[in-house]
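A.B. asks: Quick one: the structure is below, questions incoming.
Please treat every number below as a calculation from the coordinates, not as lab data. These numbers come from a predicted model, not from an experiment. Note that we place each Cβ from the backbone using ideal geometry, even for glycine, and neighbour counts take in every protein chain shown.
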Amino acid sequence: MSQTILFFCESIEFRLRDVKKRRAWLMRVIDAEEKISGDLNYIFCSDDYLHQMNVQYLAHDTLTDVITFDYCEYPIVSGDIYISITRVKENAKTFRHSFNEELNRVMVHGLLHLCGYQDKSRAESRAMHQKEDHYLELLRTA
């Protein structure tokens, strides 16, 4: 089974830092969730690009920081995770986080969706946020 985590940019210029460390961290998250890594693509993009995808594929006319397309075949985790760098920057300011911390949170948030977590209800959102915090701490101590 391939274990590929790739990073791309669409409609923006952006360079992800610490690629090896982040890739290893994401693999640890998958392992901790007792899943198998398949092909994962992170696509960093602009607000406009992600908004267009949100309208076209999900019929949501709103801005968002992340959209996850799930191609998983249990227990293999595969998918495309689109992240608006514009939203991440804005949210980092709003929540008084560093850009990197907010980016890491959104990256693991998308991955947690592929691992089966949802955030539609208040209880689901709380549980997902706790998982995000747990895995962000894992990255800090790596």
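A.B. asks: Where in the stretch 1-72 are there strands (runs of 3 or more DSSP E), lying wholly inside it, with at least 2 residues that are closer than 22 Å to Asp133 by Cα?
C.D. replies: 36-45, 66-70
A.B. asks: Separate question: Within the set of pairs 6+ apart or on separate chains, which have a first residue in the stretch 19-38 that is under 17 Å from Phe8 (Cβ atoms), a second that is exposed (fewer than 13 other Cβ atoms within 10 Å of the Cβ) and of a type in the set (A, V, I, L, M, F, W, C), and C-beta atoms under 8 Å apart?
C.D. replies: That search, which allows pairs on different chains as well, returns Gly38/Met1.
A.B. asks: With the checklist (1) more than 27 Å from Ile12 (Cβ to Cβ); (2) in contact with a His (Cβ under 9 Å, 6 or more places away or on another chain) in hand, flag the one item Glu132 doesn't pass.
C.D. replies: Here Glu132 meets the rest and fails (1).
A.B. asks: Go through the stretch 117-142 and give me each residue that's in a loop (DSSP other than H, G, I, E, B) and either touching a residue at least 12 places away in the same chain (Cβ under 8 Å) or among the charged types (D, E, K, R) (or both).
C.D. replies: Tyr117, Asp119, Lys120, Ala142
A.B. asks: Still on this structure, please answer the following. Spot the failing condition for Arg23; the list is (1) more than 21 Å from Leu138 (Cα to Cα); (2) of a type outside the set (Gly, Ala, Ser); (3) within 14 Å of the chain's Cα centre (by Cα), and only one is missed.
C.D. replies: All conditions pass for Arg23, except number (1).
A.B. asks: May I pose another question? How about the stretch 107-135: which of its residues are closer than 12 Å to Arg22 by Cβ and either surrounded by fewer than 20 Cβ atoms within 10 Å (Cβ to Cβ) or in contact with a strand residue (DSSP E or B) (Cβ under 8 Å, 6 or more places away or on another chain) (or both)?
C.D. replies: Met107, Leu111
A.B. asks: How many residues does the stretch 73-96 contain that are surrounded by fewer than 17 Cβ atoms within 10 Å (Cβ to Cβ), among the hydroxyl-bearing types (Ser, Thr, Tyr) and assigned to a helix (DSSP H, G or I)?
C.D. replies: Counting residues in the stretch 73-96 that are surrounded by fewer than 17 Cβ atoms within 10 Å (Cβ to Cβ), among the hydroxyl-bearing types (Ser, Thr, Tyr) and assigned to a helix (DSSP H, G or I) gives 1.
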